[in-house]
1. Pick from region 87-118 the residues that are modelled with pLDDT under 95 and among the small types (Gly, Ala, Ser): which of them is farthest from residue 139 (Cα to Cα)?
2. Looking only at region 254-263, count how many residues are of a type outside the set (Phe, Trp, Tyr) and either part of a strand (DSSP E or B) or surrounded by fewer than 20 Cβ atoms within 10 Å (Cβ to Cβ) (or both).
3. Applying the selection to region 83-134, what residues are open to solvent by less than 30 Å² (accessible area, probe 1.4 Å), within 22 Å of residue 344 (Cβ to Cβ), aliphatic (A, V, I, L, M) and more than 14 Å from the chain's Cα centre (by Cα)?
4. Collect the residues in region 274-297 that are open to solvent by 10 Å² or more (accessible area, probe 1.4 Å), in a helix (DSSP H, G or I) and touching a strand residue (DSSP E or B) at 6+ places or on another chain (Cβ under 7 Å), keeping them in residue-number order.
5. Inside region 49-82, can you point out the residues that are open to solvent by less than 30 Å² (accessible area, probe 1.4 Å) and either in a loop (DSSP other than H, G, I, E, B) or basic (Lys, Arg) (or both)?
6. Do you know which of the residues in region 61-75 that are within 15 Å of the chain's Cα centre (by Cα) and of a type in the set (A, V, I, L, M, F, W, C) is farthest from residue 165 (Cα to Cα)?
7. Looking for whichever is at negative phi and open to solvent by less than 20 Å² (accessible area, probe 1.4 Å) here; the options are 327, 352, 336. Which one fits?
8. Pairs please, first residue from region 155-180 and within 10 Å of residue 137 (Cβ to Cβ), second anywhere and surrounded by fewer than 23 Cβ atoms within 10 Å (Cβ to Cβ) and aromatic (Phe, Trp, Tyr), Cβ atoms under 8 Å, 6+ apart in sequence or on different chains.
Amino acid sequence: MSDGGTRRRTLFAALAAGVGLLLIELGAGAALRARAPALVDGGGADARGRGILLHGDPSLLWRLAPGDRVEHGQPVHVNAAGFRDRERGPATGPRLLALGDSSIYGFGVSDRAVFTARLEAQLGGVEVINGGVPGYSTEQALNLLEAQGLALAPDVLLVGALWSDNNFDRFVDAERLGAHRAWRIDPVAQVAAFISGTATGRLIRRILGDEGPEAEAVGWMEAGEQGGGRRRVPLQDYAENLARFCSVMSERGGGVVFVLLANVEDLQPRPGTPPWAPYRDAMVRTAAACDAPLVSIPDAFIESGLPPGQLFLDEMHPSSRGHGLMAVALAAVLAAEGWPETPIGVVDPGGAVEVDDDPFEGR
């Protein structure tokens, strides 16, 4: 047989295998959607309608269940990949990926009102993907980035994880995730993580009964409730995780924009130092060490002159109006950086910035 004939047969076999894998993936996705996931209420303000739907996951603790639904009275679409976003194909232009907790996800507001959707509309020609998940810490966000986020080829990460990391809870993320932290340094583990994140991988785990722990109720604590336990992500680990975002994107010639999230106390301060202050300080220091832009949502909210009731749904989740201000603040910082015409690059800090001892740990 001629070399040309051999190449054609090889190409045909590769295409057939690719089509077969695609059909398997589509079938697995349909099978997953056919089985209704457990209902887990995300908590928060007035719980109108159904709560947030989450699956247990061994590498992420929990993940968003794909589908269309109503959460707290608002329409929500979660795509097949498990992001609160429309379906995305290969990148055709500049792309942002937002990572963080329920304030990034858009708890209590509609798909169109979330700051990522508004930012995409404002920037024009730029894709802004919402990778926020209620209750996610930097530990979970890093695993999500390694398993699925990098495959989306983002040029810039928007990192807004704070409230879950600083929260005092009945578990510590690193202890629950254990070996899955190896994704960040082991290429073989990263390939396994990608396969695990596909619909086929998730369906196999479900059949084998290996979906990990049940999804737990996702919550938060107000200032007066914090203390008397362990931080979900200790302060030093939080600083290391923030630095890791920079090093991952530095390796790829990409950028990171850190987002300081806001809460009601920024507009109505109480006496004393709040428990999240050391974590905010770690983010500020890390942004400086990485030469990364920092967007202060507290400053944007204060400068608006609007009362808390118009900016928040509860103690910390931005309202539709709050999300609008978040989009404006982010667009302004990106414009000041000249992005996307000028790439946003970051410096690998070579490790975590120095942080002081956490004065709230173990109280």
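1. Looking at the filtered set, the residue picked out is 93.
2. From region 254-263, those of a type outside the set (Phe, Trp, Tyr) are 254-257, 259-263; that's our starting set.
Checking which are either part of a strand (DSSP E or B) or surrounded by fewer than 20 Cβ atoms within 10 Å (Cβ to Cβ) (or both) leaves us with 255-257, 259-260.
Here the count works out to 5.
3. Scanning region 83-134 gives 119, 126.
4. Those that are open to solvent by 10 Å² or more (accessible area, probe 1.4 Å), in a helix (DSSP H, G or I) and touching a strand residue (DSSP E or B) at 6+ places or on another chain (Cβ under 7 Å): 280, 284.
5. Kept after step one, since they are open to solvent by less than 30 Å² (accessible area, probe 1.4 Å), are these residues of region 49-82: 51-65, 67, 69, 71-72, 76, 78-79, 82.
If the condition is that a residue be open to solvent by less than 30 Å² (accessible area, probe 1.4 Å) and either in a loop (DSSP other than H, G, I, E, B) or basic (Lys, Arg) (or both), then 51, 52, 58, 59, 60, 63, 65, 69, 72, 79, 82 are the ones that fit.
6. Taking region 61-75 as the starting set, the residues that turn out to be within 15 Å of the chain's Cα centre (by Cα) are 61-65.
Filter once more, keeping what is of a type in the set (A, V, I, L, M, F, W, C): 61-62, 64-65.
Working: 61: 14, 62: 15, 64: 19, 65: 22 Å.
So the residue we want is 65.
7. When all the criteria are applied, what remains is 327.
8. Note: pairs meeting the criteria are 162/276; 163/276; 166/276.
The values are calculated or read from the model by the stated rules, or taken from the named source; none is laboratory data. What you are looking at is a predicted structure, and each value in this text was computed from that prediction instead of being measured. Backbone-built Cβ (ideal geometry, glycine too); neighbour counts: all protein chains shown. Accessible surface areas use protein heavy atoms only, side chains included; no ligands, DNA or RNA. Shrake-Rupley method; radii C 1.70, N 1.55, O 1.52, S 1.80 Å.
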